[in-house]
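The values are calculated or read from the model by the stated rules, or taken from the named source; none is laboratory data. Source: prediction; values computed, not measured. For neighbour counting, all protein chains shown are included, and Cβ atoms are generated from backbone atoms with ideal geometry for every residue, glycine included. Ligands, DNA and RNA are excluded from the accessible area calculation, which covers all protein heavy atoms including side chains. Shrake-Rupley method; radii C 1.70, N 1.55, O 1.52, S 1.80 Å.
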Amino acid sequence: MTALATQASAAETTPEVRMVALPTGSAGTGSAESGSAGTGSADSGSASGSSAPEIPGVAATAYKFAAAELAVEQPQCHMPWQLLAGIGRVESHHANNGNVDMFGTTRRAIYGPSLDGTLPGNEVIRNHAGKFLRAEGPMQFMPATWARYARPGSNPQNLFDASYTAGNYLCSGGLNMQKPEQRTAAIMRYNHSMAYVTQVMGWAHRYA
């Protein structure tokens, strides 16, 4: 999938950049390691309501592929695809409701807010040149975290690559998603906030 996504990216013109905003009451970026933007959605990422939630087909496929790969590579993790879906829902509304090309790469590049400290709860994170950084892609990764947990050649703007990397990140250190305390610790790597954990798990339970 990585190779296909790379070919697709090269074939297209420079994508339109889409900024994502923090939802009401978001705890902000959380840990400097993940740099999650906690983007949520137009309805602030609430998991309330009685109707069954919908996931764009390509997003559901990406989450399930990632979970299947991790089941082989890291069987002790027991990564459910619904957990990845919960993160994808909160972070980017499943890549802006599945607005991706045939390879799963976003048609409009997704970036979080500039981490310059101007938004409440945001950390200040710069690169070596002093430029303020932003999380990117449908699963909202900071460059350093992406470089550590992604496969070589992966694209953070690709749903398949990002879903696998998110799962790899959550599973790292031998964590087991079937154990609530370890699952919570893993999710807080994304955003060090129990409110964020509650949002993600709320969606994950609805997708189950």
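Numbers below:
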{"item": "Any helices (runs of 4 or more DSSP H) falling wholly within the range 145-208 and containing at least 1 residues that are closer than 18 Å to residue 81 by Cβ and open to solvent by 40 Å² or more (accessible area, probe 1.4 Å)", "result": "180-190, 194-207"}
{"item": "Residue within the range 121-137 that is open to solvent by less than 40 Å² (accessible area, probe 1.4 Å) and modelled with pLDDT of 95 or more present", "result": "yes"}
{"item": "Residue list for the range 94-111, filter: open to solvent by 60 Å² or more (accessible area, probe 1.4 Å) and either free of Cβ contacts under 8 Å to residues at least 60 places away in the same chain or assigned to a helix (DSSP H, G or I) (or both)", "result": "97"}
